[in-house]
Amino acid sequence: MPRPREFEPDAVLNVAMLRFWERGYRAVSVEDLVKATGVKPGSLYSAFPGGKRALFLKSLERYSQLVVPQKLGELEASGASLDEVRGYFDGLVSDLLSPEGRQGCLLVNTAIENAAEDDEAAAVVRGHLARLERCMTHALENAARRGRVRASLDCSGSARLLVATCQGLMVVGKADPDEKLLRAIVDNAFLALA
């Protein structure tokens, strides 16, 4: 008879997610995960068949479920408009100016570190970018209907540009968390919407 699990898989995922987020996939070893979670290697592999990579992919899913909705906030609301888009960007800048925020976004970090060589990781990142683009497009369409942006604005194309801008902003913010620079990037992105 198999022994009952002595740990909660979601708690292990939370710890693993934080480790990968702080240090990146390559810098985290199985030994690091064992120490951080307190779960023995055999139990870890049993709970997450596929080892470190499987745990990493599950961590990306967990991040998408727990962290992304917090970061998107009101941008995902049906009534989101230009203020919510700006609020999202202002939140990114605030995050990047904090010590914890300098670790960036796990999905952006994954795009940089893993996406070119790991199709499954790339698929998770693409899903996140598509979600962000849908939110931005919807908010810009609402803003256009309310006269908050120019009537001729290509909402879908502008949303893609804003998504690329926020991804770049997070990369720049990790390397140079200068508030004036980050706010200038955001301000210039919004000038294109007027």
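The values are calculated or read from the model by the stated rules, or taken from the named source; none is laboratory data. Worth saying up front: this structure is predicted, and the values here are computed from it rather than measured. All Cβ positions, even for glycine, are placed from backbone atoms using ideal geometry, and neighbour counts span all protein chains on display. Please note that ligands, DNA and RNA were not included when accessible areas were found on the heavy atoms of the full protein model with its side chains. Shrake-Rupley method; radii C 1.70, N 1.55, O 1.52, S 1.80 Å.
Of all residues in the range 33-48, exactly one satisfies the criterion of being aromatic (Phe, Trp, Tyr) and outside any helix (DSSP H, G or I), namely Phe48. Every test in (1) within 26 Å of Leu13 (Cβ to Cβ); (2) hydrophobic (A, V, I, L, M, F, W, C); (3) free of Cβ contacts under 8 Å to residues at least 24 places away in the same chain is passed by Leu92 save one, and that test is (3). In the set Val171, Val149, only one residue is open to solvent by 50 Å² or more (accessible area, probe 1.4 Å), closer than 18 Å to Tyr88 by Cα and among the β-branched types (Val, Ile, Thr); that residue is Val171. Can you confirm whether the range 49-71 contains a residue that is small (Gly, Ala, Ser), open to solvent by less than 50 Å² (accessible area, probe 1.4 Å), part of a helix (DSSP H, G or I) and under 30 Å from Met136 (Cβ atoms)? For the range 49-71, residues small (Gly, Ala, Ser), open to solvent by less than 50 Å² (accessible area, probe 1.4 Å), part of a helix (DSSP H, G or I) and under 30 Å from Met136 (Cβ atoms): present. Across the range 119-168, the number of residues qualifying as acidic (Asp, Glu) and touching a residue at least 12 places away in the same chain (Cβ under 8 Å) comes to 3. Looking across the range 35-65, the residues that are touching a residue at least 40 places away in the same chain (Cβ under 8 Å) and within 29 Å of Ala189 (Cα to Cα) come down to Leu60, Tyr63, Ser64. Residues that are assigned to a helix (DSSP H, G or I), more than 30 Å from Val149 (Cα to Cα) and not acidic (Asp, Glu) do occur in the range 24-32.
Candidates are the residues of the range 75-87 that are more than 19 Å from Ala130 (Cβ to Cβ) and within 18 Å of the chain's Cα centre (by Cα); the one that is most open to solvent (accessible area, probe 1.4 Å) is Arg86. Here Asn188 clears all of (1) within 22 Å of the chain's Cα centre (by Cα); (2) over 18 Å from Glu76 (Cβ atoms); (3) modelled with pLDDT of 95 or more except the condition numbered (1). Beta carbons closer than 9 Å, at least 6 apart along the sequence or on distinct chains, never pair a first residue in the range 69-88 that is in contact (Cβ under 8 Å) with a residue 60 or more places away in the chain with a second that is open to solvent by 40 Å² or more (accessible area, probe 1.4 Å) and of a type in the set (Val, Ile, Thr).
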